[in-house]
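Have a look at the structure below, then the notes.
The values are calculated or read from the model by the stated rules, or taken from the named source; none is laboratory data. Source: prediction; values computed, not measured. A quick note on method: Cβ atoms are made from the backbone with ideal geometry, for glycine too, and the neighbour counts reach across all protein chains shown.
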Amino acid sequence: MSTYPVEVTQTLGIPFKQFEDQIRKDLGAIGIENIVLVIFSDSNHPELKVIESISGRINLSACINKHLQKYLSNSLMQKCKEICQYEDKFVEQQVFDHNQLTNISNNLKAYMVRDCVTYGFQFTFIMHSLRDLNSAEMDKLRTICDIATAWANSWSAHHKLLHIWDNLVSSSGRMMQPDLTPSEGDVLKLILQGWSSTEVANIRQVSKETVRSQIKSILNKSQCNSQNQLIACYGHYKWLGSAPFESI
């Protein structure tokens with residue numbers, strides 16, 4: 001499922017390429033030709049959309065993209081967790097079989113499952129086949145749908161985490177990054193490198209009183225009560241590592 005974001009596959013700590021390859025293999029083994037996987041809170045603006053030919057035999061991307069809103073609207077009328085089987089009427093034209101190099105005349109079979117996942121997201125999973133699945137294949141399909149739903153819960157939770165984290169980092173950066181003069185910026189860098197105020201004065205060739213005054217100004221601008229707190233804040237927010245200090 002090539003459109004999964006890379007950061008998701010890495011951050012969740014699961015070998016998703018191996019996972020995805022196994023799911024493709026299992027779906028293909030029971031006769032599924034094409035899948036549609038959508039996670040959304042607003043059906044007009046899906047957060048994640050995957051449309052993929054599993055077998056390489058047929059390609060429904062153009063048709064599904066054209067009617068995606070209808071697919072999602074239909075899914076919202078379906079009970080959660082139940083696999084609904086129907087003939088796909090949204091495919092208006094004959095489907096071309098890339099293996100046999102011929103048109104397929106019979107109606108496509110669609111299998112759809114919907115579920116409510118974490119943080120208010122909806123998950124719709126649609127699978128197309130050229131034939132009806134038998135009882136054993138349906139049992140396998142239910143297991144795959146359970147796995148896909150669990151994955152959708154993980155994805156939506158991770159998506160929410162990144163959104164909240166971005167807000168925290170941006171708001172923290174606005175609150176915590178002080179507007180320092182060039183001299184104060186130089187003093188702060190030396191403090192963060194572990195130099196004492198006396199050593200900073202020697203390095204900068206200024207009086208201790210000047211350095212103390214600059215440190216007091218830095219603490220005031222950064223809303224820190226002590227040099228230890230200042231160093232702790234730098235370690236947490238990584239001011240110098242993320243962006244240069246604003247100078248006035």
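Taken over region 41-53, residues that are surrounded by fewer than 19 Cβ atoms within 10 Å (Cβ to Cβ), in contact (Cβ under 8 Å) with a residue 40 or more places away in the chain and not in a loop (DSSP other than H, G, I, E, B) amount to 3.
Of the residues making up region 180-203, those that are out of contact with any strand residue (DSSP E or B) (no Cβ under 9 Å at 6 or more places or on another chain) and in a loop (DSSP other than H, G, I, E, B) number 4.
Rundown of residues vs (1) among the β-branched types (Val, Ile, Thr); (2) at pLDDT 90 or above; (3) surrounded by 14 or more Cβ atoms within 10 Å (Cβ to Cβ), yes/no style:
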position: 9; (1), (2), (3): yes, no, yes
position: 17; (1), (2), (3): no, no, no
position: 31; (1), (2), (3): no, yes, yes
position: 36; (1), (2), (3): yes, yes, yes
position: 76; (1), (2), (3): no, yes, no
position: 82; (1), (2), (3): no, yes, no
position: 88; (1), (2), (3): no, no, yes
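Whenever a residue of region 129-156 is crowded, with 20+ Cβ neighbours inside 10 Å, its partners that are of a type in the set (Ser, Thr, Tyr) and at pLDDT below 95, lying with C-beta atoms within less than 7 angstrom and at least six residues away or across chains, give the pairs 156/118; 156/119.
Number of residues in region 113-146 that are under 24 Å from residue 59 (Cα atoms) and either of a type outside the set (Asp, Glu) or at pLDDT 95 or above (or both) equals 20.
Each row is one residue, and each column tells you yes or no for (1) more than 18 Å from residue 149 (Cβ to Cβ); (2) assigned to a loop (DSSP other than H, G, I, E, B).
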| residue | (1), (2) |
| --- | --- |
| 55 | yes, yes |
| 65 | yes, no |
| 73 | yes, no |
| 79 | no, yes |
| 82 | no, yes |
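Being modelled with pLDDT under 90, assigned by TED's automatic domain parsing to the domain that holds residue 61 and among the hydroxyl-bearing types (Ser, Thr, Tyr) is a property that residue 102 has. Are any of the residues in region 226-239 surrounded by 14 or more Cβ atoms within 10 Å (Cβ to Cβ), closer than 13 Å to residue 180 by Cα and at pLDDT below 50? Looking for residues that are surrounded by 14 or more Cβ atoms within 10 Å (Cβ to Cβ), closer than 13 Å to residue 180 by Cα and at pLDDT below 50, one finds at least one in region 226-239, hence yes.
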